[in-house]
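All remarks here apply to the structure that follows.
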Amino acid sequence: MEVQLTKGIVKRLSAAHETGEDLTNSQPTLQVISFRKVDSPPNATNQTTDRYRTIVSDGENIMQGMFATQLNKMIEDQSIKKNTVIVVENLTCSYLQGKRLIIIMGARVLAQVESKIGNPVALQAPGAAGAATAAESGSTPAPQIPAAAPSTSATTPTSQAQSRQQGQAKTGGKPNSVYPIEGLSPYQNNWTIKARVTQKTDIKTWSNQRGEGKLFSVTLMDETAEIRATGFNAVVDELYDKLQEGHVYYISKARVNLAKKKFSNIANDYELALERNTEVEECLDPTNVPAVRYNFVELNGLEQLEKDSTCDVIGVVKSVGDVGTITSKASNKTVAKRDLTIVDRSGKAVRVTLWGAQAEQFSADDSPVIAFKGVKVGDFGGRTLSMYSSSTMTINPDIPEAHVLRGWYDAKGVEQSFQSLSNGSGAGSGTMGGFNRSEMRTLFDVKESGLGTSDKADYFSCRATIMHIKGDNISYPACPTEGCNKKVVDLSDGWRCEKCDRSFEKPEHRYIMSMAVADHTCQAWLQGFNDVGVAVFGMSANELVDIKERDESAYNVILHKATCSTFNFACRAKQDTYNEQTRIRYGISRILPLDYAEEARVLRDTLQSWDKC
């Protein structure tokens, strides 16, 4: 088999920064003359990531380069070896100490040949002899790539941004060195990266015994990798407004440190510390820098991921919960939260939790497609997802995966039933708000299986009918402050909340429900709180308490009418000890009335599945 290399491509790649020619998708055919593994220093978990430097040839000239880490397997299983001819399906070019460097992002093996094709030589005189010798001998030169000769131009560029974008020398005669993010390490200096800001956090403040301060972080991305960069105190004032999401910048003179994994979900062993002398210039030519890079996991694959790991997912929003609040145990601050339920073509549904301003400002109509990047995997009541401060969320992104998902949902998914991975979630059709239909249990089975007898809580779904509601102590007087809900004390001049340290004219009553329910197998007592009471009675606890105080008989009628109603329940079983007596308590995580149209669709799908068997 006669192999034809793409002759002249090395010269074109080397001159692309001057000619403006875009060769990223040119898919040239090149020969791998040699390669060498370059070990990275160990990260915080004492792990290393192998990287491979290479020399490639077009038959006329050679060029130094680097394989992206996703191609390591092809080298390790010897699909790529000395003299292998490859088609470079995806590439980018960067400067490394004045030399043009090809970064091979994707490759396909075309042929394995015995010897070097042609008599290729290096393009430039400085260091060329060493490179040519290496090519002849089949060995790879030392990892330090020779630097280009200093610029002899006497003209000082008008701005750093223009000089970088035109490929000219920078002020002070330093070479224009644009590094790939993947190639950064603490042992390199005098580098510049060209990267897009894909995410920027809010400014965070702290105060402790050592003083006060503030910080912010950005996620930077180029064709090769992502990296987190953080600035503190004075750097926040200088760079926070300058770095904007979606924009591309040249960044240099930042410190490369080992990544603190507990503060970041970025898949990089290193991170950047932005300093007072860090240079940031916006790039006027943001080509070859992707907007966002995703590595999507289908929802049915979440159960294989470990707790607290991070992943990228994309799904259609099936339902949107109301904004709620929780009080952080660490800071004792109230934080807004909102639960979404997303579904995908795997037939699964999962709860995604938004926090803070993102939860408060979220607005999405007509079941949008949302791509999530870097969300945290949890296991509270099944599989759940939660946004980090460094996570990103893009509504209806213009990417192929989103278009495919949109077409599937509009055609079939809108009427499909989904299995929830998150018990007690706010899921939509098929999952019935956390009602896991595929794992629904009878009350007899729940008791016989001993759910709740272990140290951890157990979760189950059931369908049952209300038989009796305890009418005494059906509510408690709560603090009316939003997000508090603590019980208040009746004083002679009002109601006092010890937590808020405030007094109120009247309380906000909240339900504490205890009711006996039954299915065709047996009976059980379930406990629930305010949302459960609102669903059962169709009114607030304040309204029901007012009726009870005015007319006891009318109150009893309301309790009687609420019986014999059937609901879908998502429940939590947990062992509880009170007055030295241990028993299993069944708490209601979510209660939903029957949706008969939904029930009919499920029966239809079940019958159709039986027909296929």
Q. Could you put D308, D519, D398, D344 in order, starting from the residue whose Cβ has the fewest other Cβ atoms within 10 Å?
A. D398, D308, D519, D344
Q: Rounded to whole Hz and in sequence order, give me ³J(HN,Hα) for region 111-117 from the Karplus expression 6.51 cos²θ - 1.76 cosθ + 1.60, θ = phi - 60°, writing x for Gly and Pro.
A: 6, 10, 10, 7, 9, 6, 8
Q: Can you find, among T230, G246, N277, the residue farthest towards the positive end of the dipole of region 216-348? Put +1 on the C-beta of Lys and Arg, -1 on that of Asp and Glu.
A: T230
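Only counting other Cβ atoms within 10 Å, I'd like H17, H560 sorted with the fewest neighbours first.
H560, H17
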Q | Radius 14 Å from Cβ of E298, net charge of other residues (Lys, Arg +1; Asp, Glu -1) | A | -1
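Using a simple charge model, +1 on the beta-carbon of Lys and Arg, -1 on the beta-carbon of Asp and Glu, nothing else, what dipole does region 205-322 show about its Cα centre, in debye to the nearest 20?
Using Cβ point charges on Lys, Arg, Asp and Glu, region 205-322 gives about 500 debye.
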Q) For region 467-613, how many pairs of lysine residues have a Cα-Cα distance under 23 Å, where the two are 8 or more positions apart or belong to different chains? A) 14
Q: Please report Rg over Rh for region 190-286, where both radii come from the alpha carbon positions and Rh follows the Kirkwood definition.
A: 0.95
Q.
Could you tell me which residue out of T563, M513, W525 lies farthest along the dipole of region 470-567 toward its positive end? Charges go on the beta carbon: Lys and Arg +1, Asp and Glu -1, centred on the Cα centre.
A. W525
Q. Which ³J(HN,Hα) values in Hz, rounded to whole numbers, follow from the phi angles of region 510-519 under the Karplus curve 6.51 cos²θ - 1.76 cosθ + 1.60, where θ = phi - 60° and Gly and Pro get x?
A. 10, 5, 10, 8, 9, 9, 8, 10, 8, 10
Q | Under the Karplus curve 6.51 cos²θ - 1.76 cosθ + 1.60, θ = phi - 60°, whole-Hz ³J(HN,Hα) for region 402-418, x wherever Gly or Pro sits | A | 5, 5, 5, 5, 4, x, 5, 5, 5, 7, 10, x, 4, 10, 7, 8, 10
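Read-outs throughout are calculated quantities, based only on the coordinates presented, and are distinct from any laboratory measurement. Please read all numbers here as calculations on a predicted model, not as lab measurements. Cβ atoms come from the backbone with ideal geometry, glycine included; neighbour counts cover every protein chain shown.
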